[in-house]
Each structure stands twice: as structure tokens, then as C-alpha cells.
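Down below is the structure, laid out as C-alpha cells.
A short reminder: the numbers here are calculations on the coordinates, not readings from a lab. Please read these numbers as outputs of a predicted model, since none were measured by experiment. Cβ: placed from backbone, ideal geometry, glycine included. Neighbour counts: every protein chain shown.
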Amino acid sequence: MNKEHHSYEDRRAYADHSDPVNKLTPEERQKVINTVNEERFASMPPCEIVPALADEGEYIASESTFYRILREEKMQNHRGRSQEPGKQGKPTSYVATAPNQVWTWDITYLRGPVKGFFFYLYLIIDLFSRDIVGWEVWEEESAEHASVLIRRTCLAQGRLTTMPLVLHSDNGSPMKGTTMLETLYALGITPSNSRPRVSNDNPYSESLFKTLKYRPNYQPKGFESLEEAREWCSIFVHWYRYEHHHSGIKFLTPADRHAGKSEEILAKRAKVYESAKAAHPERWNGRDTRNWSNIEEVYLNPDKKYEVTETDGNSQEAKAS
């Protein structure tokens, strides 16, 4: 039997080391660097920057390419003032399929002019759209202030008492006060509270407060007056609603999703990605473009061990499956 002849010559020196066809040009690479350094993108990660550019009809490179260039340029740091996010999840009984079906609200403190003095931000967000539908800043926590805010928010949203709505909150005294509960019942709103001693049963409000307190221009040393606190919160609310591309809703702005513009914007964004793929198919290497289909359902702390039922105007309990 003839033995197969093996060559042990190192042929790496003769291999083709030319650049791959899908490599960015130097000009495109520099454009990525210039883009992430723009003032408007200074606190945004690539996963937000690329969709925002797509909404403007521009596609430079994929999110992964942005991240790779940032790493190579030693620019890959956590953007913004917050720490790396973690994952949380608890069971719940509610699901929203449209705006104004489930609201979640909470109160957070804002430092005042001296140690030990605080202002209190009352804030209501819509579970489906993540939009801020109501907010106010007061000098104290009270069920009376909360009741006023709930009434104002219902009027602003054009909500009728015949429309089913769940309002979820934690177990703080303003949330469970008699005045607050009477207001909810009068408005046809179903109250929902976090479980006792469970701190993360209201994650959407907690997440928004974290976003607020890690904004670059937040006042960690305190606001000098109630008017200053209200003015800053007004600016934050406008930014959050109209400029913040929220990762939980396919990087749409909460205001656009609340207004029912999701389908239009996501369809346009998908076309931009398809056009970019058609221009440089080698950069996708046979992969599909990013999935920009709309999110139809949003759950409050879903858990696979529980059945989650849609809101029908009555208090629902989570059922173990």
C-alpha cells in the first residue's frame, strides 16, 4: 500500500491576506467614529444610535460593527452615568396590548437645597408605550396629591370611566390611602399593588427613575427650590418622551409609540436596512436584517409559571399553571 505523501511546508506565507469584500472603507470607519462622538449621541450606545440614524434614512454600519470599532479604538465604555443594567422579572397578572390599558406609577425623592430636605416626583407611565402620561413634583408625599395627578392624567388622556384601566404601584402609603382608592374607584380604575416585601414588582417605574437620576445634567447635590425641580423634570420628561429611543420598545420614542406610529416607523426602518443590505450583501453574509416587527404585547413582570390574563376592568389574580 502506497503511503499518502504529506507536505509539512508552512504555506501561511503564501495565503491570500487581502481584505474581505465586506470590510468598511477607511472613510466609512471614520464616519462611525465621528458619529458616536456627535453631541446628540454622546450618551447613547450603538444599539440606540443605529436605529436613530435609520429613522433619518441613513445606515452606516451594523450595531456589531459600531461596537467592534469602538473596542478597537479603545472607546468602548459604558455610555452614560449609570452602571451596567441587570435583569429582573417577577410574575404578574396583567398584559397591555394598547396604550391606556395598564399604567404603572411611583414616587421618587429629589434632593433639596439642604441635607434631609427632599422634593417628591410623582410619575405615571403607560406600560404598553412607556410614555410618561402624568407627572408632578411636590414637597411632600400624600394620597391627596396622587389623587389630583390621577384625575389630571385621565383628563389629559381623554379617558372615560367606562374604559378598563389598571393602575399598578408599590405598597407605599400614598398608593393605598383612602383618598387615592376612592379616586380610583370613582374613575373606574382597578388598583394593583406589588407584593409585600418584593422591591422589584414595579420594574418599569424603577427603571425610569434610574434613567432620570443618571441623566448627565441631573442635580445629585440638590435642587435649590421646588420651581427648579419642576423645571428640570419638565425638560427631562420632554427628552424622555420625544428624543429617548427606548430599548424595550424597539428603540422607538415613547411618544411615537403612544401615538400609534410604531408600524409606520418600524416599516420605514426595515426598508432602510433592506436597502443597506442590497447595497452591500456581503456584509450580512447571508443573514437576515434585524427584526423590526412591532411589539404587540407588554407584560408586567411575566413569569412562565403564571398565566397572564388581559385586563377587563376587574382585578385579576395570577394563576399558577
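Grab the Cα-Cα distance for K115 and K213, subtract it from 0.36 nm times how many residues apart they are, and report the gain in nm with one decimal.
Values: separation 98, 0.36 × 98 = 35.28 nm, distance 1.75 nm.
Result: 33.5 nm gained on full extension.
If R0 is 41 Å, what FRET efficiency do you get for T162 and K221 from their C-beta distance, rounded to 0.05?
Values: r = 47 Å, r/R0 = 1.15.
Step by step, r from the Cβ atoms, then E = 0.30.
Determine the alpha carbon to alpha carbon distance for each of K250/K271; K74/K268; K115/K213; K31/K268; K250/K277; K210/K250 and list only those over 27 Å.
Details: K250/K271 15 Å; K74/K268 33 Å; K115/K213 17 Å; K31/K268 23 Å; K250/K277 20 Å; K210/K250 20 Å.
Where the Cα-Cα span goes over 27 Å, the pairs concerned are K74/K268.
Residues whose amide H lies under 5 Å from that of G134, counting only those 5 or more places away or on a different chain, are I124; hydrogens are built 1.01 Å from N in the peptide plane.
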